[in-house]
Amino acid sequence: MHELSIASSIVESVLEFAESPPPKKVLKVILQIGELTCVESEQLGFCYTAIIKETPIEDSVVEIEKIEAEVVCSHCDYLGPPKYWDEAIAGMRIATLQCPQCGKTTEATKGHECTIRTIRYVEQ
C-alpha cells in the first residue's frame, strides 16, 4: 500500500508549509494524481484523513484531481489517449504504452503526475 507513504510525504509537506511564517490554517489540499501512477485515489484520501488527526491541519480536506494518460508515438506521430488493456484480471482498464494507431511502443507525456497542486489556507 504505497498510498500510505505518499500520504505521509504530502502531510509532511503541508505541515511544513502551514507552520512556516506567518502561520496558516490549511483548509484544502488539492492533489494531481496521474492515471499511470497506479495510486488509488480513494485509498490516498483515506490515508491523508487518518494521518492528519491531532495535527495542526486536522480540519483540512483533500481533493484529488485525476490526470488522464497521454502518449506520443514516434513511429506514426499519434498523440492522445493510450491503448487500454480491457481484459486485465484486476477487472479494470489498464493503460498500456502500445500505440492505439500503429501498435508500436509509445512514450507517456502525461499521467505520471503525483503533486500538490494547491493548498488553500487562511493566515492565522
Among the candidates CYS38, CYS47, CYS73, residue that is surrounded by 16 or more Cβ atoms within 10 Å (Cβ to Cβ) and within 19 Å of ILE10 (Cα to Cα): CYS47
Test result for VAL61, surrounded by 14 or more Cβ atoms within 10 Å (Cβ to Cβ), farther than 29 Å from SER20 by Cβ and among the aliphatic types (A, V, I, L, M): no
Hits in segment 11-55 (condition: in contact (Cβ under 8 Å) with a residue 60 or more places away in the chain and among the aliphatic types (A, V, I, L, M)): VAL14, ALA18, VAL26, LEU27, VAL29, ILE30, LEU31, ILE33, LEU36, VAL39
Subset of segment 11-54 [of a type in the set (Gly, Ala, Ser) and in contact with a strand residue (DSSP E or B) (Cβ under 6 Å, 6 or more places away or on another chain)]: ALA18, GLY34, SER41, GLY45
Residue satisfying condition, being over 30 Å from GLU19 (Cβ atoms) and either surrounded by fewer than 17 Cβ atoms within 10 Å (Cβ to Cβ) or among the aromatic types (Phe, Trp, Tyr) (or both), within set LYS66, LYS110: LYS110
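Read-outs: derived from the displayed coordinates by stated rules, not from any lab. Just so we're clear, the structure is a prediction, and the values are computed from it rather than from any experiment. Positions of Cβ are backbone-derived with ideal geometry, glycine not excepted, and every protein chain shown enters the neighbour counts.
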